[in-house]
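**Q** Below: one structure in structure tokens.
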Amino acid sequence: MRRLIDSSTTPPARQPHIGHYGRLRKAYLEGYRPDLYTAFVASEKLYEHCAEIDAAARSRIDLIMPELAKSAGATEELKAKDQLAWVGLMNACKAQAEEIVKHELIYD
């Protein structure tokens with residue numbers, strides 16, 4: 001069986017991958033900024049925007065985490081001496097960094 005391929009139609013463009021922060025941004029826009037969400041959907045830029053936000057959020061967290069860990073006292077020395085305390089501090093730092101990023105990038 002032969003299928004004819006219509007050369008006038010192009011395959012749809014592949015949407016960029018959206019990570020955790022991109023999905024949060026999409027949900028925020030959909031729920032709290034429907035006008036902006038609709039504009040992104042209409043211009044077919046929603047997934048691109050969410051992918052950019054996701055990348056920016058991950059980059060920002062990577063920048064913030066070492067500073068927060070240093071100020072909290074989560075040093076390599078503590079890691080060697082008391083791993084459980086170090087893990088607790090690092091988890092607290094990650095939560096704080098995520099809150100900062102959400103405030104700056106996601107819910108803006």
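**Q** Scan LYS81, LYS102 and give me the residue that is surrounded by fewer than 17 Cβ atoms within 10 Å (Cβ to Cβ) and touching a residue at least 24 places away in the same chain (Cβ under 8 Å).
**A** LYS102
**Q** Condition first: under 22 Å from ARG14 (Cβ atoms) and surrounded by fewer than 17 Cβ atoms within 10 Å (Cβ to Cβ). Can you find one or more residues in the stretch 67-76 that meet it?
**A** No, the conditions are met nowhere in the stretch 67-76.
**Q** Moving to a separate point now. Across the stretch 66-103, what is the total count of residues that are β-branched (Val, Ile, Thr) and under 19 Å from the mean Cα position of the chain (by Cα)?
**A** So the count comes out to 2.
**Q** Has the stretch 57-65 got at least one residue that is of a type in the set (Val, Ile, Thr) and under 23 Å from the mean Cα position of the chain (by Cα)?
**A** yes
Only the coordinates and a few stated rules stand behind these numbers; no lab work does. In this text, all values refer to a predicted model and were calculated from it rather than measured experimentally. As a convention, Cβ positions derive from the backbone with ideal geometry for all residues, glycine included, and neighbour counts pool all protein chains shown.
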